[in-house]
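The values are calculated or read from the model by the stated rules, or taken from the named source; none is laboratory data. Note that this is a predicted model, so its numbers are computed, not measured. Glycine gets a Cβ as well: all are built from the backbone with ideal geometry, and neighbour counts include every protein chain shown. SASA here: full protein model, heavy atoms, side chains in, ligands and nucleic acids out. Shrake-Rupley method; radii C 1.70, N 1.55, O 1.52, S 1.80 Å.
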Amino acid sequence: ALVILAVVGFLALGGMVLRSEYLALRAASIDKLTVLTDSTLHMITHYEEAVSQGKLSEAEAKAHAKQAVSASRYGKDGYFFIFDAQLNYIGHPLKPALDGTSVYKLKDAKGRNLGELFAKAVADGSGLASYDWVKPGDTEETEKIAKVLSSSQWRWVVGTGQHIDDINREIWQSAISL
């Protein structure tokens with residue numbers, strides 16, 4: 001009976017540790033997405049300022065900003081996307097066919113309207129949206145959390161995200177090492 005109690009206690013403790021680690025990794029992931037998105041927003045802001053200072057026309061600046069953001073990558077498969085103020089795609093580097101498409105026309109596998117999710121994320125100030133999206137190299141949608149921020153002058157919305165299964169993979173690797 002004492003052995004069973006010890007095993008149950010060990011399993012309960014392990015579960016609490018994993019839950020705590022999951023929450024910590026998710027928070028760290030959101031922090032990373034925030035830093036990355038903020039940095040990319042700064043690039044857009046740089047081009048907005050170039051227009052204000054008369055260094056570039058607005059059309060030139062927007063073209064340069066779109067190119068810079070679309071070329072930006074991080075990690076194994078990280079990228080950034082851009083919407084205009086009405087949430088029409090300006091740039092999606094992996095799916096250029098989406099350019100000009102309203103995000104409101106897109107729904108994930110669970111029927112959630114992506115435009116509504118992103119509009120809420122911008123409006124409530126959190127910048128966080130959770131939805132299903134196909135990961136680069138995959139064919140099926142999996143849950144993704146995205147961070148989006150809006151530029152002050154053009155009202156462009158820039159964002160990036162991470163698939164939850166990447167966080168879960170880190171948790172399992174941690175669990176195996178326990």
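Residues checked against (1) in contact (Cβ under 8 Å) with a residue 24 or more places away in the chain; (2) in a loop (DSSP other than H, G, I, E, B); (3) over 17 Å from GLY159 (Cα atoms):
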{"site": "LEU25", "(1), (2), (3)": "yes, no, yes"}
{"site": "ASP38", "(1), (2), (3)": "yes, no, no"}
{"site": "ALA85", "(1), (2), (3)": "yes, yes, no"}
{"site": "TYR89", "(1), (2), (3)": "no, no, no"}
{"site": "ALA119", "(1), (2), (3)": "yes, no, no"}
{"site": "VAL122", "(1), (2), (3)": "yes, no, no"}
query = So how many residues does the range 124-140 have that are closer than 14 Å to VAL158 by Cα and outside any strand (DSSP E or B)?
reply = 3
query = Would you say SER29 is out of contact with any Cys (no Cβ under 9 Å at 6 or more places or on another chain), closer than 19 Å to TRP156 by Cβ, among the small types (Gly, Ala, Ser) and in contact (Cβ under 8 Å) with a residue 12 or more places away in the chain?
reply = no
query = Which condition does LYS144 not pass, out of (1) touching a strand residue (DSSP E or B) at 6+ places or on another chain (Cβ under 6 Å); (2) modelled with pLDDT of 95 or more; (3) buried (at least 17 other Cβ atoms within 10 Å of the Cβ), if it passes all the others?
reply = (2)
ask   = Quick one: which of GLY127, GLY91 is on the phi > 0 side of the Ramachandran plot, touching a strand residue (DSSP E or B) at 6+ places or on another chain (Cβ under 6 Å) and not acidic (Asp, Glu)?
value = GLY127
inquiry  = Regarding the range 82-90, can at least one residue be identified that is in contact with a helix residue (DSSP H, G or I) (Cβ under 9 Å, 6 or more places away or on another chain) and closer than 19 Å to GLY137 by Cβ?
reply    = no
ask   = From the set of residues in the range 1-56 that are modelled with pLDDT of 95 or more and of a type in the set (Gly, Ala, Ser), which is nearest to PHE83 (Cα to Cα)?
value = SER39
query = Can you tell which of GLY75, GLY137, GLY115 is touching a residue at least 60 places away in the same chain (Cβ under 8 Å) and either acidic (Asp, Glu) or more than 20 Å from THR45 (Cα to Cα) (or both)?
reply = GLY137
task = Could you list all residues from the range 81-126 that are more than 16 Å from the chain's Cα centre (by Cα), among the small types (Gly, Ala, Ser) and buried (at least 17 other Cβ atoms within 10 Å of the Cβ)?
result = none
task = Collect the residues in the range 147-173 that are open to solvent by less than 20 Å² (accessible area, probe 1.4 Å) and of a type in the set (Gly, Ala, Ser), keeping them in residue-number order.
result = SER151, GLY159, GLY161
